[in-house]
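Structure, as structure tokens:
The values are calculated or read from the model by the stated rules, or taken from the named source; none is laboratory data. Predicted model, so just to flag it, every value in this text is computed and none were measured. In this analysis, Cβ positions are derived from the backbone assuming ideal geometry, glycine residues included, and neighbour counts consider all displayed protein chains. Accessible surface areas use protein heavy atoms only, side chains included; no ligands, DNA or RNA. Shrake-Rupley method; radii C 1.70, N 1.55, O 1.52, S 1.80 Å.
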Amino acid sequence: MATVQVSEAEKVYILHGIRDDLRVDGRGCEDYRHMEIETDVVSNTDGSAKVTLGHTAVLVGVKAEIGKPRPTVPAEGYLEFFVDCSANATPEFEGRGGEELGTKLSNTLYKVFNNKRSIDLKSLCICAGEHCWVLYVDVLLLQCDGNLYDAISVAIKAALFNTKIPKVHISSDEEGGKEIELSDDPYDCMRLNVENVPCIVTLCKVGHRHVVDATLQEKACSVASLIISVTHKGTITCMRKVGGGSLDPESIFEMTEAGKRVGKALHAPLMKLLEQEESLGKKRQKVGFLG
């Protein structure tokens with residue numbers, strides 16, 4: 001994870017500000033930085049999105065391919081995650097510096113998103129035990145300025161919303177085998193229901209309080225963080241503690257309640273924005289990245 005050096009005077013300044021619910025950039029403890037979302041930004045994918053949160057920038061592409069179902073769940077498809085930490089994001093990712101972080105992020109994303117509570121995996125099944133859709137979700141970190149998990153989760157939800165999977169027609173040949181034909185009509189496609197796809201909220205314990213969407217400077221003052229994935233109904237689907245410090249039971253309870261509150265409030269405007277952008281169709285003006 002990208003880190004910055006913070007002097008003792010800066011730490012005191014940040015701690016005192018958070019204590020009074022006034023952070024260095026003027027936000028309250030449970031406020032996000034300005035967020036920009038663009039969908040359908042990569043042409044050779046089935047769905048894509050780019051999210052900018054402050055100076056953190058994440059690009060996600062989803063590619064659907066036909067594969068073989070897993071033996072334990074023969075009637076379901078599945079998702080695969082790969083996270084690439086660009087060396088341009090921070091000098092610490094040069095060489096093989098970003099591999100460990102990429103693996104850690106991939107494992108967490110797999111736990112959060114690859115389950116039937118988040119996505120209807122049965123809808124990805126083509127022929128039980130034989131063929132299914134496999135969604136390869138590639139995440140590229142373009143810029144790193146703290147709060148990677150939250151930015152990545154929003155980008156994944158937006159990319160899955162944007163994903164169009166071709167309709168499949170199964171026919172039998174003369175020998176009794178099955179032939180799979182994919183529709184080449186771009187409008188004859190299947191869309192994913194992303195209503196239950198959770199968003200991740202990261203809460204950092206700074207002093208005696210906790211903050212949402214911490215910057216790198218605030219992260220340097222934090223002893224530990226709680227990563228919580230929350231659905232649109234405020235249900236927690238996954239929770240993980242990171243950092244070397246400890247959290248007392250009271251802090252965990254307060255951070256969990258704050259995470260549920262913030263996560264639930266994040267879903268409605270996100271879905272409204274995605275649906276508005278979708279309704280514009282080709283009239284949508286692309287701005288910024290690949291515009």
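Given the criteria within 25 Å of Ala158 (Cα to Cα), outside any strand (DSSP E or B) and among the small types (Gly, Ala, Ser), does Gly102 qualify? Spelling it out, Gly102 is indeed within 25 Å of Ala158 (Cα to Cα), outside any strand (DSSP E or B) and among the small types (Gly, Ala, Ser). For the range 100-140, a residue qualifies if it is farther than 20 Å from Met239 by Cβ, under 15 Å from the mean Cα position of the chain (by Cα) and at pLDDT 90 or above, and the qualifying residues are Leu135, Tyr136, Val137, Asp138, Val139, Leu140. In this structure, does Asp184 turn out to be among the charged types (D, E, K, R) and under 28 Å from the mean Cα position of the chain (by Cα)? Considered against the rule, which asks whether it is among the charged types (D, E, K, R) and under 28 Å from the mean Cα position of the chain (by Cα), Asp184 comes out as no.
Filtered by the rule that a residue be touching a Lys or Arg at 6+ places or on another chain (Cβ under 9 Å) and basic (Lys, Arg), the range 181-223 gives Arg191, Arg209.
Put simply, of Met271, Met255 the only residue that is closer than 19 Å to Leu160 by Cβ and either without any contact (Cβ under 8 Å) to a residue 12 or more places away in the chain or open to solvent by less than 80 Å² (accessible area, probe 1.4 Å) (or both) is Met271. Contact map, the range 74-87: first residue surrounded by fewer than 18 Cβ atoms within 10 Å (Cβ to Cβ), second residue assigned to a loop (DSSP other than H, G, I, E, B), Cβ cut-off under 6 Å, separation 6 or more or different chains; pairs are Pro74/Ala128; Pro74/Gly129; Ala75/Ala128; Ala87/Glu94. The single residue among Val134, Val112 that is open to solvent by less than 70 Å² (accessible area, probe 1.4 Å) and either part of a strand (DSSP E or B) or on the phi > 0 side of the Ramachandran plot (or both) turns out to be Val134. When the range 1-30 is filtered for residues that are among the charged types (D, E, K, R) and either in contact with a Cys (Cβ under 6 Å, 6 or more places away or on another chain) or open to solvent by 70 Å² or more (accessible area, probe 1.4 Å) (or both), the ones remaining, listed by number, are Glu8, Glu10, Lys11, Arg19, Asp20, Asp21, Asp25.
Name the single residue, out of those in the range 52-69 being over 15 Å from Cys132 (Cβ atoms) and of a type outside the set (Gly, Ala, Ser), that is surrounded by the fewest Cβ atoms within 10 Å (Cβ to Cβ).
As a first pass, look at the range 52-69 and keep what is over 15 Å from Cys132 (Cβ atoms): 52-62.
Those still in the list that are of a type outside the set (Gly, Ala, Ser) too: 52-53, 55-56, 58-60, 62.
Details: Thr52: 22, Leu53: 24, His55: 12, Thr56: 25, Val58: 25, Leu59: 23, Val60: 30, Val62: 24.
Going through the qualifying residues, I end up with His55.
Checking each residue in the range 14-57 for being within 27 Å of Lys205 (Cα to Cα), small (Gly, Ala, Ser) and touching a residue at least 60 places away in the same chain (Cβ under 8 Å) picks out Gly54, Ala57.
Filter the strands (runs of 3 or more DSSP E) completely within the range 157-242 down to those with at least 3 residues that are open to solvent by 70 Å² or more (accessible area, probe 1.4 Å) and either aromatic (Phe, Trp, Tyr) or without any contact (Cβ under 8 Å) to a residue 12 or more places away in the chain (or both).
Ranges flagged: none.
Among the residues making up the range 18-30, a single one is assigned to a helix (DSSP H, G or I) and either modelled with pLDDT under 90 or over 14 Å from Lys219 (Cα atoms) (or both): Arg19.
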